[in-house]
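Chemist: Here it is, the structure in full.
The values are calculated or read from the model by the stated rules, or taken from the named source; none is laboratory data. Just so you know, these numbers come straight off a predicted model, no measurement behind them. Virtual Cβ from ideal backbone geometry, glycine too; neighbours counted across all protein chains shown. Areas reflect the complete protein model, heavy atoms only, side chains present, ligands, DNA and RNA absent. Shrake-Rupley method; radii C 1.70, N 1.55, O 1.52, S 1.80 Å.
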Amino acid sequence: MFNLSDYLPIVLMFIVAIGFAAGNVLLSQLVGQHKATRTKTMPYECGKDPVGSARERFSVKFYLIAMIFILFDIEVIFLIPWAVVFKTFAASGYRWLVYVEMMLFVFLLLVGYIYVVKKGAFDWGERARREAEAEGRAIKEMQKRKESAAQRAA
C-alpha cells in the first residue's frame with residue numbers, strides 16, 4: 001500500500017542537503033576574503049593555464065588526466081557492488097576467493113596509479129607551467145608566421 005509518510009526520510013535528506021549546500025555558500029560569502037588578484041580572476045582549465053587562442057590544440061596531458069579520471073571512476077563503480085554482495089558470497093563459502101579477486105583488482109589499480117605518478121601525469125608544478133607557457137609562445141609564433149605568409153600571398 002502506498003503511504004506518503006514512507007518518503008519523509010528522503011524528503012528530509014534533500015532538505016538537509018540543500019540547506020547544507022546553501023549554508024556553506026552563504027557562509028563563504030559572508031566570512032570569506034574578497035581580494036581579487038590577477039591569479040584568482042584568471043580562467044583555469046584542468047591545470048592548464050589559458051595561454052594563446054581558445055582555438056588551439058590541447059596538450060596530450062589534458063586528455064591523459066581525463067582518461068585517468070574516467071578509469072579510476074569506473075574502478076570505484078566496480079568496488080561498490082562488490083562490497084554490497086561480499087557478505088552474500090562470504091555466507092556461501094567463497095569468502096577468500098572473492099576477497100583475493102578484489103584485492104588483486106585493487107593491487108592492479110595501485111600498480112597503474114604508481115605508474116601514472118612515476119610518469120609525472122599529476123605533476124602540475126612550476127615545470128609544467130613553464131612547458132605550458134613555452135607551448136603557448138610557440139603557438140603564437142606559428143600563428144604570426146601563418147598570418148605573415150597569408151599577407152605575402154595576398
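Chemist: What is the percent carbon and sulfur in the accessible area of the chain, measuring with a 1.4 Å probe over the protein chains and ignoring ligands?
Modeler: The C+S portion of the solvent-accessible surface of the chain is 68 percent.
Chemist: Shifting gears a bit: Note down the nm distance, to one decimal, between modelled labels 7 Å out along Cα→Cβ at ALA138 and at TRP82.
Modeler: 4.0
Chemist: Using helices alone, what [θ] at 222 nm do you get for the chain, with -39,500 (n - 2.57) per DSSP H run of 4 or more residues, divided over all residues and rounded to the nearest 500?
Modeler: The per-residue figure over the chain is -25500 deg cm²/dmol.
Chemist: Next up: Need one number: nm distance between label points at ALA149 and PHE20, each 7 Å from Cα along Cα→Cβ, rounded to one decimal.
Modeler: The answer from the label model is 5.6 nm.
Chemist: With a probe of 1.4 Å, find how much accessible area the range 73-117 has per residue, and write the answer as a whole number in Å².
Modeler: Normalised by residue count, the accessible surface of the range 73-117 is 81 Å².
Chemist: Once you've got the GNM for the chain with C-alpha springs shorter than 10 Å, pick whichever of GLY23, GLY112, GLY125 has the biggest mean-square fluctuation.
Modeler: It is GLY23.
Chemist: Would you mind classifying the chain by shape? Square roots of the alpha carbon gyration tensor eigenvalues, ordered a ≥ b ≥ c; an a/c under 1.5 is rounded, otherwise it is prolate if a/b is larger than b/c and oblate if not.
Modeler: Taking the square roots of the gyration eigenvalues as a ≥ b ≥ c, the chain is oblate.
Chemist: Hey, what angle do you get for helix 126-153 against the long axis of the chain, alpha-carbon based, 0 to 90 degrees rounded to 10?
Modeler: Once rounded, one gets 50 degrees.
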